[in-house]
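**Q** Sending over a structure as structure tokens; questions will come in a sec.
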Amino acid sequence: MTRLRIFADRERCIGAGMCALIASEVFDQDEDDGRVRLLDSEPQGGLAAVREAVEACPSGALALDEY
């Protein structure tokens, strides 16, 4: 079974919110600055949505490690 570990670089994030729109169970936006908040760094489900969210990030602030 493939597992994912997600990394979010808040300094690189521009607050576009694509990740939170696509995979809201894993990503959110900080209320103060709009940058990414990682809710689950190793999600068990919804992996297709997580991959889509990482690919949709316009700043490249998100990365995946599959293991």
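**Q** With every protein chain left in place, what is the accessible area per residue of the chain in square angstrom, probe 1.4 Å?
**A** Numbers: 4030 Å² over 67 residues.
About 60 Å² of surface per residue is accessible.
**Q** Only helical DSSP H runs with n ≥ 4 go in: add -39500 (n - 2.57) per run for the chain, normalise by residue count and round the 222 nm mean residue ellipticity to 500 deg cm²/dmol. Before the final figure, lay out each step's value.
**A** Details: 2 runs with 15 residues, N = 67.
Taken over the chain, the calculation gives -6000 deg cm²/dmol.
**Q** Which ³J(HN,Hα) values in Hz, rounded to whole numbers, follow from the phi angles of segment 12-23 under the Karplus curve 6.51 cos²θ - 1.76 cosθ + 1.60, where θ = phi - 60° and Gly and Pro get x?
**A** 3J(HN,Hα) across segment 12-23, in whole Hz: 8, 4, 10, x, 5, x, 4, 4, 5, 5, 7, 9.
**Q** Out of residues 5 or more away from Phe27 or on other chains, whose amide H comes under 5 Å of its own, with H placed 1.01 Å from N in the peptide plane?
**A** Residues meeting the criterion, in which the H sits 1.01 Å from N, are Leu39.
**Q** Also, I was wondering about something else. Each label point is 7 Å from the Cα along the Cα-to-Cβ direction; what then is the distance between the points at Glu66 and Arg3, in nm?
**A** Modelled inter-label distance: 1.6 nm.
**Q** Now, a different point. Hey, in the GNM for the chain with a 10 angstrom Cα cutoff, which one of Arg12, Arg35, Arg51 fluctuates hardest?
**A** Result: Arg12 has the largest fluctuation of those listed.
**Q** Just the number, please: carbon plus sulfur as a percent of the accessible area of the chain, 1.4 Å probe, no ligands or DNA/RNA counted.
**A** 46 percent
**Q** Let me ask you something else. Convert each backbone phi in segment 37-49 into a coupling constant with the Karplus relation 6.51 cos²θ - 1.76 cosθ + 1.60 (shift: θ = phi - 60°), then list the ³J(HN,Hα) values in order as whole Hz, x for Gly and Pro.
**A** Computed from phi, the couplings for segment 37-49 are 10, 8, 8, 8, 7, 9, x, 8, x, x, 5, 5, 5 Hz.
**Q** Provide the convex hull volume over Cα atoms per residue for the chain, in Å³.
**A** That works out to 68 Å³ per residue.
The values are calculated or read from the model by the stated rules, or taken from the named source; none is laboratory data. Because the structure is predicted, anything quoted here is derived from the model rather than measured. Cβ: placed from backbone, ideal geometry, glycine included. Neighbour counts: every protein chain shown. To get the accessible areas, we keep the full protein, side chains included, count just its heavy atoms, and leave off ligands, DNA and RNA. Shrake-Rupley method; radii C 1.70, N 1.55, O 1.52, S 1.80 Å.
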